[in-house]
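Written out below as structure tokens is the structure these notes cover.
The values are calculated or read from the model by the stated rules, or taken from the named source; none is laboratory data. Quick caveat: nothing in here was measured; it's all calculated off a predicted structure. Cβ coordinates were reconstructed from backbone atoms using ideal geometry, including for glycine residues, and neighbour counts include every protein chain displayed.
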Amino acid sequence: MSEPQEIIALENNALLGAVADLFAQGFRLVQIGCTTLENAYELNYSFDKDYQFKNLRITVQPEDEIQSISVIYPNAFLYENEIHDLFGLHIKNISVDYKGAFYRTAIKTPFSIENLPKPEAPKQPQDAAKQPAAGQQQTEAPEQQPEIPRPQKETTE
Amino acid sequence: MARTNVIPFGPQHPVLPEPIHFELITDDELIVDAIPSISFVHRGLEKLVEKRDFIDFAYVAERICGLCSFMHSMGYCQAVENIMAIEVPERCQYLRVIWAELGRLHSHIFWLGVAADAFGFESLFMQSLRVREKVLDIIEETTGGRVIFGMNKVGGVKRDIDAETLKGIVGRLTSMKNILEELTSIFVDDYSVKHRLVGVGYISRDDAYRLGCVGPMLRASGYAIDMRKIGYAAYKHLDVEPVVETSGDCHARCLVRVREIFQSIDLIRQAAEKIPEGPVEVKVKGTPDGEYFSRIEQPRGEVIHYVKANGTKYLQRFRVRTPTFSNIPAMITALKGSQVADVPNIILTIDPCISCTER
């Protein structure tokens with residue numbers, strides 16, 4: 001059974017207002033999660049009330065500052081410190097700020113854009129790959145077994 | 001005049017099976033604040049999605065924790081199955097419930113033992129683990145494993161349990177009830193136990209909700225929230241009502257777990273009676289593309305397995321929000337105003353699973 005899950009995309013500056021609104025409606029904060037995209041980060045703020053699951057989503061650039069919601073939901077400080085330490089995002093005004101000492105990781109910000117391999121491109125249909133257009137040389141390398149992606153330690157930009 | 005001290009508690013402490021650290025700020029023996037510190041054994045399993053494809057990752061998810069192992073792989077598989085719109089056979093859903101409840105059963109009995117050890121009742125600890133062994137035997141007979149079940153896969157489960165074995169399991173669990181009643185009556189009624197737990201580590205109903213408590217910790221403060229009510233797997237066909245206590249202290253958290261032990265036995269009985277015949281898995285074709293938050297009720301509370309996939313065999317993101325992580329803010333509140341001598345009991349009645357937290 002698939003549980004209905006609402007995801008509401010927001011601008012960064014509209015986050016606090018929307019969170020305060022959910023707080024006023026009696027929602028509890030379930031979690032804050034972060035996902036690394038190609039050039040940005042996606043943050044999901046999940047809430048629940050009477051088994052109604054709602055997500056607020058913001059997409060931020062690496063240099064963006066995010067306002068902490070720990071002033072509204074005091075338990076948010078753990079998630080925000082986690083995101084700061086694992087993704088390197090700047091979250092300001094966290095109620096209990098560990099300043100990077102929350103997680104002891106072997107490499108700094110392991111989930112940041114710099115440390116995450118790019119997602120593998122979807123495979124082209126085999127027919128299209130094998131039949132180059134007339135008069136055009138096939139420039140692509142022959143198909144190989146997909147390699148296991150390795151974390152990139154160098155910036156590729 | 002009271003002296004303010006900072007007392008380090010953990011990461012290595014006799015009552016802590018796993019490392020977590022608190023800086024306890026005290027006025028004499030009274031705790032006025034507590035600052036938690038985790039990640040002494042952080043493993044970074046979430047990052048393994050870069051190296052293990054979505055099929056293999058079910059085994060990684062199971063290894064997040066030794067006590068809730070089955071439910072981690074179950075949550076993960078449910079997330080991927082939802083993304084790929086895989087209709088899992090109904091028999092598989094019932095089998096998942098049976099193994100999940102066996103997992104909850106042995107986890108709660110194990111907790112009773114560890115809690116007994118924390119308040120100095122070592123023989124009760126040994127008796128609890130003796131009873132738990134019977135549950136582990138059932139798990140071993142049906143899955144081949146005692147800690148890691150290895151039964152879940154994307155699209156179903158690997159093994160079936162025949163009707164005769166199911167009947168035997170229900171019979172054995174029913175006969176265990178007498179021993180369990182005798183064992184749990186000590187936690188419920190014993191003067192010494194109540195003396196150590198009643199009124200200790202109080203969390204109010206409002207605080208429990210506001211601070212994001214989950215599981216027995218939330219239900220012990222009066223909230224009837226249990227993710228099994230969502231109706232995942234076969235729970236939608238079973239009669240499951242959240243176990244609720246209202247006093248919000250260590251004893252209430254203990255009572256919730258005690259009653260959930262018997263609830264799990266009843267759920268296994270219900271599932272064994274209603275399980276339909278049929279296949280236990282379906283073939284999985286293609287790769288996942290999409291995202292889903294899978295929410296299930298572990299022994300320690302609501303766990304979230306978030307999966308985001310981009311159409312390749314490697315997931316873009318896998319995140320686990322574990323119940324212990326969610327219960328840490330309330331743990332701080334429970335510690336404030338307590339005596340230093342009560343700290344081990346308070347921490348243990350939250351049933352911290354650091355292995356999950358350090359995923």
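Worth pointing out:
- Top-ranked residue of segment B:305-316 - restricted to ones that are in contact (Cβ under 8 Å) with a residue 40 or more places away in the chain and facing chain A (nearest Cβ under 7 Å), ranked as surrounded by the most Cβ atoms within 10 Å (Cβ to Cβ): B:TYR306
- Residues of segment B:210-219 classified as within 17 Å of B:ARG300 (Cβ to Cβ) and more than 15 Å from the chain's Cα centre (by Cα), total: 2
- Any chance B:SER294 is assigned to a helix (DSSP H, G or I), of a type in the set (S, T, N, Q) and crowded, with 20+ Cβ neighbours inside 10 Å: no
- Flag for B:SER69 being polar (S, T, N, Q) and on the phi > 0 side of the Ramachandran plot: no
- Pairs where the first residue, in segment B:336-350, is closer than 17 Å to B:VAL193 by Cα and the second is part of a loop (DSSP other than H, G, I, E, B) and charged (D, E, K, R), C-beta under 9 Å, 6+ apart: B:GLN339/B:GLU29; B:ALA341/B:GLU29; B:THR349/B:ASP249; B:ILE350/B:ARG300
- Top-ranked residue in segment B:281-291 [being of a type in the set (D, E, K, R) and surrounded by fewer than 18 Cβ atoms within 10 Å (Cβ to Cβ); ranked as farthest from the chain's Cα centre (by Cα)]: B:LYS285
- Among the residues of segment B:62-70, none qualifies, meaning not one is touching a residue at least 24 places away in the same chain (Cβ under 8 Å), hydroxyl-bearing (Ser, Thr, Tyr), out of contact with any strand residue (DSSP E or B) (no Cβ under 9 Å at 6 or more places or on another chain) and within 12 Å of another protein chain (Cβ to nearest Cβ).
- Considering only residues in segment B:49-70 that are part of a loop (DSSP other than H, G, I, E, B) and β-branched (Val, Ile, Thr), the one that is nearest to B:GLN316 (Cα to Cα) turns out to be B:ILE55.
- Scanning segment B:182-227 for residues being of a type in the set (Lys, Arg) and free of Cβ contacts under 8 Å to residues at least 24 places away in the same chain gives a total of 1.
- Of everything in segment A:48-75 that is within 13 Å of chain B (Cβ to nearest Cβ) and out of contact with any helix residue (DSSP H, G or I) (no Cβ under 9 Å at 6 or more places or on another chain), the residue that is farthest from A:ALA9 (Cα to Cα) is A:ASP50.
Residues are listed down the side, and each one gets a yes or a no for (1) at pLDDT below 90; (2) touching a strand residue (DSSP E or B) at 6+ places or on another chain (Cβ under 8 Å); (3) within 14 Å of chain A (Cβ to nearest Cβ):
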| position | (1), (2), (3) |
| --- | --- |
| B:MET176 | no, no, no |
| B:PHE187 | yes, no, no |
| B:SER192 | yes, no, no |
| B:ILE203 | no, no, yes |
| B:ALA208 | no, no, yes |
| B:GLY215 | no, yes, yes |
| B:SER221 | no, no, yes |
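- Among residues of segment B:1-48, those that are part of a strand (DSSP E or B), surrounded by 19 or more Cβ atoms within 10 Å (Cβ to Cβ) and in contact with a Lys or Arg (Cβ under 8 Å, 6 or more places away or on another chain), counted: 2
- Tally, over segment A:85-113, of residues that are of a type outside the set (Val, Ile, Thr), surrounded by 18 or more Cβ atoms within 10 Å (Cβ to Cβ) and outside any loop (DSSP other than H, G, I, E, B): 3
- Only a single item in (1) over 17 Å from A:THR109 (Cβ atoms); (2) surrounded by fewer than 22 Cβ atoms within 10 Å (Cβ to Cβ); (3) within 9 Å of chain B (Cβ to nearest Cβ) is not met by A:LEU37, and it is number (1).
- Count - residues of segment B:1-43 that are more than 23 Å from B:ALA116 (Cβ to Cβ) and without any contact (Cβ under 8 Å) to a residue 12 or more places away in the chain: 1
- Evaluation of B:ASP137 against (1) buried (at least 23 other Cβ atoms within 10 Å of the Cβ); (2) assigned to a helix (DSSP H, G or I) (one fails), failing number: (1)
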